[in-house]
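Each remark here refers to the structure printed beneath this line.
The values are calculated or read from the model by the stated rules, or taken from the named source; none is laboratory data. Computed from a predicted model, the values in this text were never measured in an experiment. For neighbour counting, all protein chains shown are included, and Cβ atoms are generated from backbone atoms with ideal geometry for every residue, glycine included. The area values use the complete protein model at the heavy-atom level, side chains included, leaving out ligands, DNA and RNA. Shrake-Rupley method; radii C 1.70, N 1.55, O 1.52, S 1.80 Å.
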Amino acid sequence: MKLLAVFINNFHSLPPESFQRFLALTKLKKFSSKEILTKTGETPKELFILKSGIVRSYYTNEKGKEYIRSLFIPFSSTGSLGALVSNRPSELTYECITDCELYAINFKELKNLAVVDKDVAVMYANALERIFLLLEDKIYDLSALNATERYLKLKKQIPNIESLIPQYHIASYLNISAVQLSRIRKEIYSK
């Protein structure tokens with residue numbers, strides 16, 4: 001629970017009573033690799049904080065090809081936030097790529113708590129701001145960085161990424177083909 005407290009306090013330092021109220025909404029759950037947290041078309045109920053493992057969000061086109069939108073590593077929040085906020089079906093699937101431990105939080109109860117607890121409301125608002133900045137950064141990366149630069153940035157964020165998830169997931173996340181990823185890696189490691 002100490003790591004969860006540190007994670008939450010990065011957004012806003014919660015007084016002990018507010019943290020206890022927040023903690024009462026959380027359940028630590030274990031998921032196996034390939035287990036789905038939220039499916040496309042499903043209206044989610046829970047937001048997650050990733051304690052261990054890697055989660056991906058992806059969409060599938062009409063031909064069945066998957067495109068990874070995000071990779072989530074510990075300690076980060078995950079889940080279909082857009083679907084939770086708007087109470088509509090998710091446009092993405094959230095899947096554990098590895099075995100994972102996640103804190104599951106009933107989103108509706110969290111929003112209700114934020115209405116009555118000012119500190120939880122501030123923490124929630126700050127978390128939303130951080131998520132917005134992360135998405136803005138991702139859009140910038142896809143617009144301004146070439147594939148090699150995106151790969152190097154990913155390697156800086158998750159140095160051992162190749163030993164954690166399949167290469168085709170890395171390529172999909174970078175929005176490139178597996179062949180292009182292989183060429184990039186060969187070029188980098190030959191220097």
Query raised in the report: From the list Ile165, Ile139, Ile158, which residue is of a type in the set (Val, Ile, Thr), farther than 23 Å from Val6 by Cα and open to solvent by less than 30 Å² (accessible area, probe 1.4 Å)?
Result: Ile165
Report summary line: The residue that is nearest to Glu95 (Cα to Cα), considering only those in the stretch 142-155 that are surrounded by 13 or more Cβ atoms within 10 Å (Cβ to Cβ) and hydroxyl-bearing (Ser, Thr, Tyr), is Tyr151
Query raised in the report: So is Glu129 closer than 30 Å to His12 by Cβ, acidic (Asp, Glu) and in a helix (DSSP H, G or I) or not?
Result: yes
**Report entry** Close pairs from the stretch 103-117: first in contact (Cβ under 8 Å) with a residue 60 or more places away in the chain, partner β-branched (Val, Ile, Thr) and open to solvent by 10 Å² or more (accessible area, probe 1.4 Å), Cβ under 9 Å, at least 6 apart
**Finding:** Tyr103/Thr26; Ala104/Thr26; Ile105/Thr26; Asn106/Thr26; Phe107/Val85
Report summary line: Of the conditions (1) closer than 25 Å to Val6 by Cα; (2) modelled with pLDDT under 90; (3) not β-branched (Val, Ile, Thr), the single one that Tyr67 does not satisfy is (1)
Query raised in the report: Under the condition of being closer than 27 Å to Cys96 by Cα and not in a helix (DSSP H, G or I), which residue from the stretch 169-191 is most open to solvent (accessible area, probe 1.4 Å)?
Result: Asn175
